[in-house]
1. Would you check which residues across the range 38-86 are assigned to a loop (DSSP other than H, G, I, E, B) and in contact with a Ser or Thr (Cβ under 7 Å, 6 or more places away or on another chain) and list them?
2. Looking for whichever is within 17 Å of the chain's Cα centre (by Cα), at pLDDT below 90 and either of a type in the set (Lys, Arg) or not in a loop (DSSP other than H, G, I, E, B) (or both) here; the options are ARG131, ARG123. Which one fits?
3. Go through (1) under 11 Å from the mean Cα position of the chain (by Cα); (2) of a type in the set (S, T, N, Q); (3) modelled with pLDDT of 90 or more for ASN100 and report which single condition fails.
4. If ASP13 meets every condition in (1) on the phi > 0 side of the Ramachandran plot; (2) in contact with a strand residue (DSSP E or B) (Cβ under 6 Å, 6 or more places away or on another chain) apart from one, which number is that one?
5. Against the conditions (1) over 24 Å from SER87 (Cβ atoms); (2) in contact with a Gly (Cβ under 7 Å, 6 or more places away or on another chain); (3) not β-branched (Val, Ile, Thr), where does ASP51 fall short? Just the number, please.
6. Looking only at the range 6-51, which residues are surrounded by fewer than 14 Cβ atoms within 10 Å (Cβ to Cβ), out of contact with any Asp or Glu (no Cβ under 8 Å at 6 or more places or on another chain) and either among the small types (Gly, Ala, Ser) or within 20 Å of ARG76 (Cα to Cα) (or both)?
7. In the range 20-54, which residues are polar (S, T, N, Q) and within 13 Å of the chain's Cα centre (by Cα)?
8. Output yes when any residue across the range 47-55 is among the acidic types (Asp, Glu) and closer than 16 Å to LEU9 by Cα, and no when none is.
Amino acid sequence: MLEASSEILVVEDDPVLGNMLRELLLDAGYRVQWAQDVISALSALERHPIDLITLDMELGTYSGRGLLALLKADPRTSDIPVIVVSSCQMDPGVRRLAENVLSKPFNIAPLLQMIGAAIDRRRGSRLEPWREAAPADSLEVEVAREVLD
């Protein structure tokens, strides 16, 4: 269920697609931050309480894969669901770290469903304080190290 407080960070370097996603998500009732590169995305995460991230893998100078690994390795951002929206081939490491993967081109309806479900799951887990996050699988940690190197 959508709540007005849901804030999404769109990380997309293509200005046409980034603006389109921003407008569609605003129309759907979300608050939206849009970053066109990794540095701007990290800055937005410092300034705003983000509920979900949509992430392109091809971000020019910096890799979306590297950002995904960094987000999942950092305790401050590891529980933020990330939906990868990209035209590039997804490797198994990305699929393990991402909440969901959507290939470009895409229809907005499946993306909105993925976003709503991910935010609901995240809120549900926050309502159960006795539930602790499972420790990171050593394979995921190795994948994150390889991506960051």
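1. ASP51, ASP56, MET57
2. Values: ARG131 fails: within 17 Å of the chain's Cα centre (by Cα).
The unique qualifying residue is ARG123.
3. (3)
4. Status for ASP13: all satisfied but (1).
5. (2)
6. GLY29, ILE39, SER43, GLU46, ARG47
7. Listed by number, the residues that qualify are GLN33, THR54.
8. Checked the range 47-55: at least one residue is among the acidic types (Asp, Glu) and closer than 16 Å to LEU9 by Cα.
The values are calculated or read from the model by the stated rules, or taken from the named source; none is laboratory data. The shown structure was predicted, so the numbers you read here are calculated from the model rather than taken from an experiment. Quick reminder, even Gly has a Cβ in these numbers, built from the backbone with ideal geometry, and neighbours come from all protein chains shown.
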